[in-house]
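> Dropping a structure here in structure tokens format, bear with me for questions.
The values are calculated or read from the model by the stated rules, or taken from the named source; none is laboratory data. The structure displayed is predicted, hence computed values, not measured ones. Please note: Cβ atoms are built from the backbone with ideal geometry, for glycine as well, and neighbour counts cover all protein chains shown. To get the accessible areas, we keep the full protein, side chains included, count just its heavy atoms, and leave off ligands, DNA and RNA. Shrake-Rupley method; radii C 1.70, N 1.55, O 1.52, S 1.80 Å.
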Amino acid sequence: MVSGRRWAERLHLPTLVVAAALLVAWSLLARRYGAYLLPSPLAVLAGLGEIVTSGEVWQHARASLLRIAVGFGVAVALALLAGLAAFLSRAARQVAQDFLAVLNSTSVFVWIVISIIWFGLSEWGPIFTTFMITLPVVAANVLEGVSAVDRRLLEMGDTYRLSGPLRFRAIVVPSTLPYLVAGMRVGFGLALKVSVVAEIFGVTSGIGYAMNYSREILATRMVFVWALVMIAIMVAVDALLFGTLARRIERWR
Amino acid sequence: MAAGPATPAAAPPKLRVDEVGKDYAIPVIARVSLTVAAGDFVCLLGPNGCGKTTLLRIIGGLEPATRGAVALDGEPIVAGRAPRHRVGVVFQEDRLLPWKTLEDNVALVLQPLGLDAAARRETARRYLRLVGLDGFEGYFPARVSGGMRQRAAIARALCIEPDLLLMDEPFGALDAQNRRIMQREVRRIWRETGRTIVFVTHAIEEAVEIGTRLVMLTARPAQIRELVENDGRRPRAALVDDLNAMIMEEVERQQGAAPSAGA
């Protein structure tokens, strides 16, 4: 009985029940409104099967992930540099924080429009947009981590005359790591959402492109399929990559 | 060098505290002069908030003095500048890095001494053994008790073979039993290693139990009220009573004397 309940919790049984109810409702509504407005769950599932067997799913997912890897990757690298600068200089920290506040309050749409003006209809649109949107999120987390480093531990490092690089490596980096991973977690989710929007303009691959193209040819079914793909990628990366990473770096707790 | 309090002949003092004072918004330390011989176990006593910790931090070069000077083996200690001598500090909190094992925590501070990895490891293990942490080398701090963490902090302070070991109420966070055990341990380690120790506490019994010289400070702004050679010639109980009476006076003085406005 007890173990039965634990299994129920593990499988999120109540959630599954609600999800099943929603599926039924979806099916009924699909029948009522027709395939253009709301394709049935089975049709969507069949569509997913099609793009998996045709290989389209890998092609577009890879295109999207590559753009994210570049834009988000550069954002993470720059955030780490900002963290290092903040560790070395109080003034640098202040400047970085102020600029991040400005970046943080800028809309995705601003960057999409600007990137079209600057880069035309090219790969660099989604990459640039992803970069500009994820940079403040990741960097703000890293900076918070750097300023949250325990002064008393740094003082301990001083008394034992640890060199600057050693103090950075042994004290600052490990205590900032959880903040970095948390920032990357949120940042990656944002990157996927944002890059897909940016892919509506000017590129001929990627999940956003595939979704918009499906809409244009009136294949609503495939719009749902690509949305599903996006959700699957998000959940998989979050659980497998960031979940594992977060557990890994906190194993000393 | 200006003439400090005269030290009789022969061995120059290990540590010389010369007319040291410190002001924050109000004067915290008036003027304290003190010489410590090599191998001394000095206890700084005084009411809470009288400036004991500040004095220790000045001696350790963690904080600048407003006036006066500190010298270790004749070498001035300047806050913010790495001294040539080795100073080990045990703080009120263990200040271990939570993401490093006890062994790695100790080995870390050996790195600036230029030992190779194997030697660091070997030395760290030796000192963890000395403080009774045999078998716990691979534990993370969160997995052991507060007393054991403080032991590890002591091992870390000792492993650099410090010219001077500073301890700032290191057992304040421990329960009474662990406190007693740790006092005996520190006394034993002091005897085995012969280090020069300056130990801050407000517990009279603790000081009488472990120190060879007891320095009673006055209420803020601190100066030396009494210097006691704890050589066992006076009955311990009488000494404890005396010191307790003194510290009570100082506590009352400190609480009665709110920082007076104006000069």
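> Suppose the chain between A:Val235 and A:Gln94 were pulled fully straight at 0.36 nm per residue; how much longer would it get relative to their current alpha carbon spacing?
47.3 nm
> Still on this structure, I have one more. Can you give me the relative contact order of the stretch A:86-146 as a percent, contacts being Cα pairs under 8 Å and 6 or more apart?
For the stretch A:86-146, the relative contact order is 40 percent.
> Using +1 on the beta carbon of Lys and Arg, -1 on that of Asp and Glu, and nothing else charged, what's the dipole of chain A about the Cα centre, debye to 20?
Values: 22 positive and 13 negative charges, 157 e Å.
That gives a dipole near 760 debye.
> Chain pair A, B: how much accessible area is buried, both chains summed, with a 1.4 Å probe, in Å² to 100?
The contact between B and A buries close to 2100 Å².
> Below 9 angstrom from the Cβ of B:Glu103, what's the summed charge of the other residues (Lys, Arg +1; Asp, Glu -1)?
Working: positive: B:Lys100, B:Arg121, B:Arg125; negative: B:Asp104, B:Glu137.
For residues surrounding B:Glu103, the net value is +1.
> Quick one: net charge around B:Val32, please, counting Lys, Arg +1 and Asp, Glu -1 for every other residue with C-beta under 15 Å from its C-beta.
Residues near B:Val32 contribute +3 overall.
> Compute the relative contact order of the stretch A:1-154 as a whole-number percentage, counting only Cα pairs closer than 8 Å that sit 6 or more residues apart in sequence.
In percent, rounded to a whole number, it is 24.
> Per residue of B:95-103, count partner chain C-beta atoms within 10 Å of its C-beta, then hand back the mean as an integer.
5
> Where does each of A:Trp226, A:Trp118, B:Trp99 land when they are ordered by accessible area, with a 1.4 Å probe and the largest first?
Sorted by accessible area, descending: A:Trp118, B:Trp99, A:Trp226.
> So what's the net charge close to A:Ala86: Lys and Arg +1, Asp and Glu -1, counting the other residues with Cβ under 13 Å from its Cβ? Could the numbers behind the result be given before it?
On the way: positive: A:Arg90, A:Arg93; negative: A:Asp98, A:Glu144.
Computed value for this residue: 0.
> Summarise the accessible area of the stretch A:67-217 (1.4 Å probe, protein heavy atoms) by the percent that is carbon and sulfur.
On the stretch A:67-217, the fraction of accessible area on carbon and sulfur atoms equals 68 percent.
> Here's a follow-up. Other chains' Cβ within 10 Å of B:156-166 residues: what's the mean?
Per residue, the number of nearby Cβ atoms from other chains is 1 on average.
> Rounded to whole Å and sorted largest first, list the principal axis extents of the Cα atoms in chain A.
Result for chain A: principal-axis Cα extents of 73, 62, 30 Å.
> Can you give the accessible area of B:Phe136, probe radius 1.4 Å, in Å² rounded to 10?
My reading of the accessible area for B:Phe136 is about 70 Å².
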